[in-house]
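In what follows, a single structure is set out as structure tokens and then discussed.
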Amino acid sequence: MGVEEHRREAPKTFKFGVITVSDKGSKGEREDKSGPLIIEELSKLGEHVYYKIVPDDKIEILIALFEAIKSGADVVVTTGGTGITRRDVTIESIKPLFDKELSFGEMFRVKSYEEVGYAAVLTRATAGVIRGQERSVIVFSLPGSVNAVKTGLEIIKSEVYHILKHARE
């Protein structure tokens, strides 16, 4: 079966959650622009069911992820905490839960390189599938900048239905 046939057989909608990881955002000291952008763009494709801003803290990130999944999200997009500072712990928090990792990070870095050059090496954006007994959830972890979110959304929007089809098999 070819890619186009897979896409035709893919789900036509999904539920999604958004988690912004930001110490300052969680304290109300910085406006979250990336989370609302993700909600706005993905609402054109699916149903928004969860949104939360959490600090750069492993437990808070995991609680929010589980809340998003419990709310019915088929897709969860995190933004923030993917860099290399001591406080950037999103990847370390979420990646161990993946049953299958996607090559999203490599695609993201290629697209980022086209925009920002070698600075793309600083991102650890990733994605994967978390499988439960009843369903599977796709998690995308994006950097926190609006430009990085736009880049990630370009990839997500083009393949999310196709990814969901395979994750549900």
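The values are calculated or read from the model by the stated rules, or taken from the named source; none is laboratory data. Only a predicted model underlies this, so the values are computations on that prediction, with no experimental measurement involved. Here the Cβ positions follow ideal geometry from the backbone for every residue, glycine too, while neighbour counts run over all protein chains shown.
Structure values in brief
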| item | result |
| --- | --- |
| Residue match in region 71-84 (condition: of a type outside the set (A, V, I, L, M), touching an Asp or Glu at 6+ places or on another chain (Cβ under 7 Å), touching a residue at least 40 places away in the same chain (Cβ under 8 Å) and under 23 Å from D56 (Cβ atoms)) | yes |
| Residues being surrounded by fewer than 15 Cβ atoms within 10 Å (Cβ to Cβ) and of a type in the set (A, V, I, L, M, F, W, C) - total across region 16-69 | 3 |
| Residue in region 106-117 that is closer than 26 Å to K27 by Cβ, out of contact with any helix residue (DSSP H, G or I) (no Cβ under 6 Å at 6 or more places or on another chain) and small (G, A, S) present | no |
| Of the criteria (1) closer than 26 Å to R135 by Cβ; (2) surrounded by fewer than 22 Cβ atoms within 10 Å (Cβ to Cβ), which one R87 fails | (1) |
| Test set (1) of a type in the set (S, T, Y); (2) farther than 26 Å from K27 by Cβ; (3) under 14 Å from the mean Cα position of the chain (by Cα) - S93 fails condition number | (2) |
| Residue in region 37-49 that is closer than 22 Å to E134 by Cα and either in contact (Cβ under 8 Å) with a residue 40 or more places away in the chain or in a loop (DSSP other than H, G, I, E, B) (or both) present | yes |
| Test: R8 is surrounded by fewer than 19 Cβ atoms within 10 Å (Cβ to Cβ) and either among the aromatic types (F, W, Y) or not in a helix (DSSP H, G or I) (or both) | no |
| Residue match in region 22-29 (condition: under 20 Å from N147 (Cα atoms), part of a loop (DSSP other than H, G, I, E, B) and at pLDDT 95 or above) | yes |
| Region 16-36, residues that are in contact (Cβ under 8 Å) with a residue 60 or more places away in the chain and in contact with a Phe, Trp or Tyr (Cβ under 9 Å, 6 or more places away or on another chain) | F16, G17, V18, I19, T20 |
| Residue check, V54 more than 14 Å from the chain's Cα centre (by Cα) and of a type in the set (A, V, I, L, M) | yes |
| Residues (modelled with pLDDT under 95 and crowded, with 23+ Cβ neighbours inside 10 Å) located in region 108-159 | T123 |
| Hits in region 53-70 - residues which are among the charged types (D, E, K, R) and either in contact (Cβ under 8 Å) with a residue 40 or more places away in the chain or more than 20 Å from T126 (Cβ to Cβ) (or both) | E67, K70 |
